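Beneath this line is the structure, given in structure tokens, with notes to follow.
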Amino acid sequence: MTKQASFTIEAEPIDSPAAQYALGEYVAELGRRFPEGFDTSRAAPPAKGDFTPPVGEFLVVRVDGQVLGCGALRTEPGGIGEIRRMWIAPELRGKGAGRALLAALEERARQHGCALVRLDTAAELHEARALYASSGYREVPAYNDNQYAKHWFEKTMR
């Protein structure tokens, strides 16, 4: 578990009520922010078990027990990790939670033996792109067929 300022970040089973709540909020926000809405089946959907140990993890951000963020890691053969479904509630943005969540997901990737972490994001998510760039990610060519993604990034884990 990671504790920072007034929030905690901890692993949560993907099928738990807390994880499902966070994923619902993630989908709802993207639905509001994307001009055409958001359909998870068009966003390079994970296979069942992708975010479950030993091949991945799902992390939840809480403030005083309230779920206000989430992020997932899935691993691929060859030491590659992919960060997915990263979301921070608007009331927690600008307080370091997104950066802390990204760092926690990277640490989990290292623990899973990943030498490289990838992620994608949509053009509308300016804050996410800024976070990834300031965290050492570099933009790369598309590596998946996520129909919402317009930017793909990767970072070497050290």
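The values are calculated or read from the model by the stated rules, or taken from the named source; none is laboratory data. The structure presented is a predicted model; accordingly, all values stated were derived computationally and were not measured. Neighbour counts run over all protein chains shown; Cβ positions are idealised from the backbone, glycine included.
Just to be sure before I move on: is Lys155 in a strand (DSSP E or B), in contact with a strand residue (DSSP E or B) (Cβ under 8 Å, 6 or more places away or on another chain) and touching a residue at least 12 places away in the same chain (Cβ under 8 Å) in the structure I sent?
Spelling it out, Lys155 is indeed in a strand (DSSP E or B), in contact with a strand residue (DSSP E or B) (Cβ under 8 Å, 6 or more places away or on another chain) and touching a residue at least 12 places away in the same chain (Cβ under 8 Å).
Can you pull out every residue in segment 19-40 that is loosely packed, with under 12 Cβ neighbours inside 10 Å and aromatic (Phe, Trp, Tyr)?
If the condition is that a residue be loosely packed, with under 12 Cβ neighbours inside 10 Å and aromatic (Phe, Trp, Tyr), then no residue fits.
Listed here are the residues, each with its yes/no results for (1) touching a Leu at 6+ places or on another chain (Cβ under 8 Å); (2) touching a residue at least 24 places away in the same chain (Cβ under 8 Å); (3) closer than 18 Å to Glu36 by Cα; (4) hydroxyl-bearing (Ser, Thr, Tyr).
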| site | (1), (2), (3), (4) |
| --- | --- |
| Leu105 | yes, yes, no, no |
| Arg108 | yes, yes, no, no |
| His112 | yes, yes, no, no |
| Leu116 | no, yes, no, no |
| Asp120 | no, yes, no, no |
| Tyr132 | yes, yes, no, yes |
| Gly136 | no, no, no, no |
| Glu139 | no, no, no, no |
| Tyr148 | yes, yes, yes, yes |
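Here are the criteria: (1) hydrophobic (A, V, I, L, M, F, W, C); (2) closer than 17 Å to Glu76 by Cβ; (3) touching a strand residue (DSSP E or B) at 6+ places or on another chain (Cβ under 7 Å). Tell me which single one Ala47 does not satisfy.
Only one criterion is unmet by Ala47, namely (3).
Just one of Gly81, Gly98 is part of a helix (DSSP H, G or I), touching a helix residue (DSSP H, G or I) at 6+ places or on another chain (Cβ under 6 Å) and crowded, with 21+ Cβ neighbours inside 10 Å; which is it?
Among Gly81, Gly98, only Gly98 is part of a helix (DSSP H, G or I), touching a helix residue (DSSP H, G or I) at 6+ places or on another chain (Cβ under 6 Å) and crowded, with 21+ Cβ neighbours inside 10 Å.
Could you list, in sequence order, all residues of segment 41-60 that are loosely packed, with under 15 Cβ neighbours inside 10 Å and either modelled with pLDDT of 95 or more or over 21 Å from Cys114 (Cα atoms) (or both)?
Ser41, Arg42 - these are the residues of segment 41-60 that are loosely packed, with under 15 Cβ neighbours inside 10 Å and either modelled with pLDDT of 95 or more or over 21 Å from Cys114 (Cα atoms) (or both).
How many residues does segment 86-95 hold that are surrounded by 15 or more Cβ atoms within 10 Å (Cβ to Cβ) and either assigned to a helix (DSSP H, G or I) or out of contact with any helix residue (DSSP H, G or I) (no Cβ under 9 Å at 6 or more places or on another chain) (or both)?
Result for segment 86-95: 2.
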